[in-house]
Amino acid sequence: MNDRCEVGRPVLFLDVDGPLIPFGRRTDGGSPAPPPPGNPPGNPLLGRLDPAVGPRLLTLGCDLVWATTWLDDANEVVAPRIGLPALPVLRWPDPSVDEGPRGLHWKTRHIVDRAGRRPFIWADDEIGAVDRLWVEAQRREPSLLHRVDPGKGLADDDFAVLAEWLRTVGHGGVS
């Protein structure tokens, strides 16, 4: 995939911590589920990865791109555990003093730039109102900034939202 996407299918920019590895406070006030037995060595949270998520992401009918601080480790550690092939990785430039208005997530500008003129989805657990407003003001092309509950990760209701949005922009596979 080129650094900037000008034409083609929609892009889904995917974060790891929160959407794929659930953690933190759940919206129902409970504690996150403990890692399952047989947790792999290394990062104790890797046992929270759901191997069913990868195939579901592949059926959405969009191009998947890692948008995570895991960078290449997402392909080496996460992708094989959830059944994804190696994906393009969004590289983060050095932080800049002029990253946008207060409250804008540091990833937002880079995701919009990488998407170019293609429709895109950004699935992350740290998306806020300022990100949505900023993207709306910067783009004419369709975009969906979808906040995932970090306590449960990508779930059925998230996949339903993603699949419906992709249908509305004229793309998408089976949900």
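Things to note:
- Residues whose amide H falls under 5 Å from that of Leu12, counting only those 5 or more places apart or on a different chain, are Asp63, Leu64, Val65, Ile121, with hydrogens built in the peptide plane.
- Full extension of the segment from Asp72 to Arg167, taken as 0.36 nm per residue of separation minus the current Cα-Cα distance, would add 31.2 nm.
- Fully extended contour minus Cα-Cα distance, from Trp106 to Asp156, at 0.36 nm per residue: 15.2 nm
- Extension gain, Asp113 to Glu136, is 6.9 nm, computed as 0.36 nm per intervening residue step minus the present C-alpha separation.
- P(r) tail for the stretch 50-175: Cα pairs beyond 26 Å make up 19% of the total.
- Applied to the stretch 104-114, the Karplus parametrisation 6.51 cos²θ - 1.76 cosθ + 1.60 on θ = phi - 60° returns per-residue 3J(HN,Hα) values of 6, 4, 5, 7, 4, 4, 6, 5, 4, 5, 5 Hz, with x for Gly and Pro.
- Percentage relative contact order, the stretch 78-159, counting C-alpha pairs under 8 Å, at least six apart: 25
- Sorted on the mean count of surrounding Cβ atoms within 10 Å across their residues, most packed first, peptides 70-79, 12-21, 104-113 read 12-21, 104-113, 70-79.
- Within the shell of other residues whose beta carbon sits under 10 angstrom from the beta carbon of Asp124, the net charge comes to -3, with Lys and Arg scored +1 and Asp and Glu -1.
No lab work stands behind these numbers, since they all come straight from the coordinates. Computed from a predicted structure; not experimentally measured. Every residue, glycine as well, gets a Cβ built from its backbone with ideal geometry; the counts of neighbours run over all protein chains shown.
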